[in-house]
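Undergrad: What follows is a single structure, and I will ask about it in a moment.
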Amino acid sequence: MNFIPADPFLVGVEVTGDYVWGDDIVDQGQFFANLRAGAVVTDSVLVYALGGVGVATDGDDSVGLYQLGGGVEFAVTDAVSVRGEVVGIGSFDDADDDFFEAAKATVGVFYHF
């Protein structure tokens, strides 16, 4: 869900999740609640930063996570957009380790209702 409080600035909230299950692997997933802030560069281009908190599950175990990153979203039509983003992911449980323990790059196509 996005809001434009003052042109050209945008703020938004989103929830994401990934889950993998199968007979030969341990069920695992990552789920995040994110805040997004950016600027509408042209009528069809949005550049944004995002940050959020979430949880990772691995079988019966779970750990708190955070992520920070950014991306670019291109409006193909009024109802369809294409987005690419890169985020760094860290764990609240591993305070002595590196700030980011993993990185994730995603590309997606979105339909806006």
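Undergrad: Taking segment 66-113 only, how many residues are at pLDDT 90 or above, over 20 Å from Ala49 (Cβ atoms) and of a type in the set (Phe, Trp, Tyr)?
TA: Qualifying residue count for the region: 1.
Undergrad: Does segment 43-50 contain at least one residue that is within 22 Å of Phe3 (Cβ to Cβ), acidic (Asp, Glu) and outside any strand (DSSP E or B)?
TA: Yes, some residue in segment 43-50 is within 22 Å of Phe3 (Cβ to Cβ), acidic (Asp, Glu) and outside any strand (DSSP E or B).
Undergrad: For Val87, which of the numbered conditions (1) buried (at least 16 other Cβ atoms within 10 Å of the Cβ); (2) over 21 Å from Gly29 (Cα atoms); (3) of a type outside the set (Gly, Ala, Ser) fails to hold?
TA: Only one criterion in (1) buried (at least 16 other Cβ atoms within 10 Å of the Cβ); (2) over 21 Å from Gly29 (Cα atoms); (3) of a type outside the set (Gly, Ala, Ser) is unmet by Val87, namely (2).
Undergrad: Where in segment 52-113 are there strands (runs of 3 or more DSSP E), lying fully within it, with 1 or more residues that are over 30 Å from Ala39 (Cβ atoms) and within 11 Å of the chain's Cα centre (by Cα)?
TA: Because the criterion is at least 1 residues that are over 30 Å from Ala39 (Cβ atoms) and within 11 Å of the chain's Cα centre (by Cα), no strands (runs of 3 or more DSSP E) in segment 52-113 meet it.
The values are calculated or read from the model by the stated rules, or taken from the named source; none is laboratory data. The structure displayed is predicted, hence computed values, not measured ones. Note that each Cβ is placed from the backbone with ideal geometry, even for glycine, and that neighbours are counted across all protein chains shown.
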